[in-house]
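J.: Could you have a look at this structure, given as structure tokens, before my questions?
The values are calculated or read from the model by the stated rules, or taken from the named source; none is laboratory data. All figures in this text were calculated on a predicted structure; none of them were measured in a lab. With ideal geometry, Cβ positions are generated from the backbone for all residues, glycine too; neighbour counts draw on all protein chains shown. Protein only, heavy atoms only, side chains kept; ligands, DNA and RNA dropped before computing areas. Shrake-Rupley method; radii C 1.70, N 1.55, O 1.52, S 1.80 Å.
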Amino acid sequence: MQAHVRLRLGLGISRMHSLQVDSVQRWMEDLRHMTEVECMCVLQAKAIGVEEDAQGELIVATRDHVARDNLQTLLRRALVVSTELGKMFQRLEKGRWQRVHSTAIRANCHVRSLVHEYSAARNTPSEMQKYEKSLLEKCMELTTITEKCLHTEDEFFLKSMREAINEILTDVSDSFSHMIDMALANEIQILIRKIESSDSVYTIGSDISNLLSLTQDGPQLCRIIAKEGAVVALFKICRQDCFSDLYAHALRAVASICCVEEGINQLEKVDGILCLADILTDENRAESARAEAAAVVAQITSPHHTSTQHLGSFLESMEDIVTALIKLCGSASCGEVFLLASAALANITFFDSMACEILLQLNAIHILLQACKDRQRVDTPYSKDQVVTILANLSVLEQSAPEILQEKGVERLLQLLGEKPSSSSPSEGAACERVQQKAAVTLARLSRDPDIAQTAIQLQAVPRLIELCRSPAERNNSDSVLVACLAALRRLAAGCPDSIEATDHQQLIKPRLVDSFLLCSNMEESFV
């Protein structure tokens, strides 16, 4: 998606580092999954005997854990193993044979522990059992072969061993990744079956929450979730009136899954776009459900997606969806609802000019510019980014100019040229840059109309554009803002040359655009 819209948009393991938990608590949790090599060498991952009754209680307790806990544990353990394998590659490259062997032992122990614990908690599928057996054999082979390198200094032998170990280590890494993917798929299947088989709103809601939290662990996990049929299960819920209270929750999960192409493909197969249109156009539905439906639309129409096959069926429902979205922008009760609806519209206006024509007919310019006056709806640079994106795309149509003039849109564009971040957040700074850039682009396009150009000059657009060109700090050192401002300035100068002073004309208008760009981009501010 082209703006900061909530995206709820290897193994996704790296995301584990970002869990917002107390550091001591995190250390205590991780400690459960770490083992002393010496102890594990003795135990060799053998099960510790327990009394029959206690064993039964343990298994029941394990099965009662929610799938999220099982998956979280699986991801943590996988992170530990992946870290050890990564260390092995590095130490092998440096020829640190003692460290290579000790790391091989640790990796072997961690893999055995993970496999045995997972097998005890779940009925492992037969295909996965084959991978487990093969993986354990390769881990043992890795431990054995690295031990041989400890008792020799023969360079020729060690060189041949390095190649053999590297090949085995690569096989272990690939096999381990595949086994973890299969284990994750197995856990996700269990979770989806619970969603499909339950008729309890509370139970389904809890399971959707677990599924939603899993989508935050990276695109690879989202691909697995999509392939296992989560999108199908979630749209089944959204087509049953008895689960209407869960629509928003289910659609939020769908939006997160659709950050990957596999999720969008599943949505297409179950006619998800038609379902989204039904929810969006039903004004009796809760605003939260319509907002989350808008989030899904924003996600699947994001310019970041390389595949556009799903857009064929989208075009069939586009007029209904665009109409519903602009209405939602007009009635939004808060900033987040407006952001989701406007982001969906912004994306839609990029891939079909018909959407722009529909929006003009629906009085969209009036609705969007009125929303900009309401801080309850348009309260962040992210929302303003969506508004100015839509205006920029509408400004391609000649008939948009009179309406923008009537709604005092030029004044609004000049205000947006002054957008500055309220914090040091990089994402907010980037959003402000996009707002400035698109405001300048829109002004340049609209200035084809003499009335727009004259109004902009009267409102002191030229001094502001010159300031943005000459002062890097005003544009946050953004080259894209500089190029857009130079283009807008040249468009205004073409219609009203007297509005530009001679010095500015000599530096910013007369040279080639690239020369003016190089001049301004190399300017240093004067602090005198």
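J.: If DNA, RNA and ligands are ignored and the probe is 1.4 Å, what is the ranking of R106, R76, R239 by accessible area, most exposed first?
T.: The residues order as R239, R106, R76, largest area first.
J.: At most 14 other Cβ atoms within 10 Å and a DSSP loop assignment: could you name the trypsin sites (Lys or Arg not before Pro) in the stretch 469-528 that fit?
T.: Values: sites: R470, R475, R490, R491, R512; in loops: R512.
Passing sites in the stretch 469-528 are R512.
J.: Tell me the label-point distance for the pair E137, S353, using the 7 Å Cα-to-Cβ offset, in nm and rounded to one decimal.
T.: Label at E137, label at S353, 6.4 nm between them.
J.: Name the residues of the stretch 96-127 whose amide N is less than 18 Å from a point 7 angstrom out from the Cα of D171 along the C-beta direction?
T.: What the label zone holds, given the 18 Å backbone N cut-off, is 104-105, 107-109, 111-112.
J.: Starting at the first residue of the stretch 363-376, write each ³J(HN,Hα) from the Karplus equation 6.51 cos²θ - 1.76 cosθ + 1.60 with θ = phi - 60°, in whole Hz, x for Gly and Pro.
T.: Once θ is set to phi - 60°, the couplings for the stretch 363-376 become 6, 5, 4, 4, 4, 5, 5, 5, 5, 5, 7, 9, 5, 6 Hz.
J.: Another one. How big is the charge dipole of the stretch 321-427 about its Cα centre, in debye rounded to the nearest 20, if each Lys and Arg gets +1 on its Cβ and each Asp and Glu gets -1 on its Cβ?
T.: Values: 8 positive and 11 negative charges, 62 e Å.
Magnitude of the dipole: close to 300 debye.
J.: Hey, how many Å between the Cα centroid of the stretch 120-137 and the Cα centroid of the stretch 155-211?
T.: Rounded to whole Å, the Cα centres lie 11 Å apart.
J.: Can you compute the modelled spin-label distance between S200 and L274, with each label point 7 Å from Cα toward Cβ, in nm?
T.: Rounded to a tenth, the inter-label distance reads 3.4 nm.
J.: Further question on the same structure: With a 1.4 Å probe and all protein chains in place, put C149, C334 in order of accessible area, largest first.
T.: The most accessible residue leads, giving C334, C149.
J.: Okay, moving on. PRE reach from E283 (point 7 Å along Cα→Cβ): which of the stretch 363-391 fall under 17 Å by backbone N?
T.: Zone members listed by number: 363-364, 367-368.
J.: While we're looking at this one, here's another question. To the nearest 0.05, how large is the calculated FRET efficiency for E467 and K373 if R₀ is 22 Å and r is the Cβ-Cβ distance?
T.: So the FRET efficiency works out to roughly 0.35.
J.: Please work out the C-alpha center-to-center distance from the stretch 342-370 to the stretch 459-488 and express it in whole Å.
T.: 26
J.: Protein chains only, probe 1.4 Å: how do I466, I188 rank by accessible area, largest first? Numbers along the way, then the final one.
T.: Values: I466 25, I188 0 Å².
Output order, biggest surface exposure first: I466, I188.
J.: Using 1/(1 + (r/R0)^6) with R0 = 30 angstrom and r between the beta carbons of A120 and H178, what's the FRET efficiency to the nearest 0.05?
T.: Here the calculated transfer efficiency is 0.90.
J.: At 1.4 Å probe size, what's the solvent-accessible area of T152? Round to the nearest 10 Å².
T.: Surface accessible to solvent at T152 totals approximately 40 Å².
J.: Per the 1.4 Å probe, what fraction of the accessible area of the stretch 406-500, in percent, lies on carbon and sulfur atoms?
T.: Accessible surface attributable to carbon and sulfur in the stretch 406-500 totals 48 percent.
J.: Based on the Cβ-Cβ distance from D515 to V396, what FRET efficiency comes out when R0 is 30 Å, to the nearest 0.05?
T.: The pair D515/V396 has a calculated efficiency of 0.60.
J.: Which of the pairs K408/K510; K130/K227; K87/K138; K130/K269; K384/K408 have their Cα atoms more than 24 Å apart in this structure?
T.: K408/K510; K130/K269
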